[in-house]
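These notes are about the structure you will find just below.
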Amino acid sequence: MNKKKNSIDSTNKDGAIERYQQKPWAKKLAAASGKPVIIRRSAKNVYLLVDCSGSMTEGNKLEQVKNGAIGFAKEALRKEYSVGLIQFASHAEHLLELQNELTYLTTKVESMSACGSTNMAAAIQIARDSFADTASEKVVCLVTDGMPDDKKATIEAANELRTKGVEIMTIGTDDADKEFLEKLATRKELSLMVLRDQLERGIISMAKMLPHTIEC
């Protein structure tokens with residue numbers, strides 16, 4: 001029985017790795033490095049959800065978000081988290097699946113650009129569908145400078161995320177809605193507001209708050 005189960009698990013794992021390596025960005029990285037992209041998964045997973053709406057072009061907010069996201073990933077990887085990346089504007093896009101290689105995340109972060117509105121709910125839904133139920137710790141860190149297109153849909157998506165045992169952290173700039181982001185976070189202390197010129201530092205500081213054990 002155990003031998004059969006192990007065989008099935010191995011087949012599933014091999015299939016997942018093959019699908020991962022066939023992604024266009026993974027093929028480009030493999031061609032550049034001369035080595036196949038290797039997927040590694042951890043029992044501790046965090047998705048970074050990044051607002052790339054048009055308002056992020058104001059000042060240097062987008063550049064701060066990019067630097068902050070890379071700094072966040074470094075700290076999360078140090079804590080042995082797998083890190084994934086989702087961006088959202090008028091639509092949400094799953095840029096990077098959960099993995100443990102900073103190089104891949106850096107490449108995707110540097111490709112981000114800002115335009116459109118703020119479909120926050122769609123980003124949360126992608127994260128919800130992407131977490132493995134077997135992960136012991138599941139966290140979302142959402143970064144924004146504004147309001148979602150649909151408050152109700154965003155709250156509903158966040159509630160669904162919580163039912164899967166996911167901790168929600170939020171960070172907003174001074175032009176975001178403080179009360180809404182506190183409501184979105186699992187706990188008030190997991191919501192941070194910063195001045196827009198302190199966004200990079202704020203995002204990195206959120207990684208230092210990543211829990212070692214999620215409390216239900």
Confirm whether Glu75 is more than 10 Å from the chain's Cα centre (by Cα), open to solvent by less than 30 Å² (accessible area, probe 1.4 Å) and of a type in the set (D, E, K, R). yes
Please return the ranges of strands (runs of 3 or more DSSP E) entirely within the range 99-216 where 3 or more residues are surrounded by fewer than 22 Cβ atoms within 10 Å (Cβ to Cβ). 191-194
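The values are calculated or read from the model by the stated rules, or taken from the named source; none is laboratory data. All values reported here derive from a predicted model rather than from experimental measurement. Every residue, glycine as well, gets a Cβ built from its backbone with ideal geometry; the counts of neighbours run over all protein chains shown. Ligands, DNA and RNA are excluded from the accessible area calculation, which covers all protein heavy atoms including side chains. Shrake-Rupley method; radii C 1.70, N 1.55, O 1.52, S 1.80 Å.
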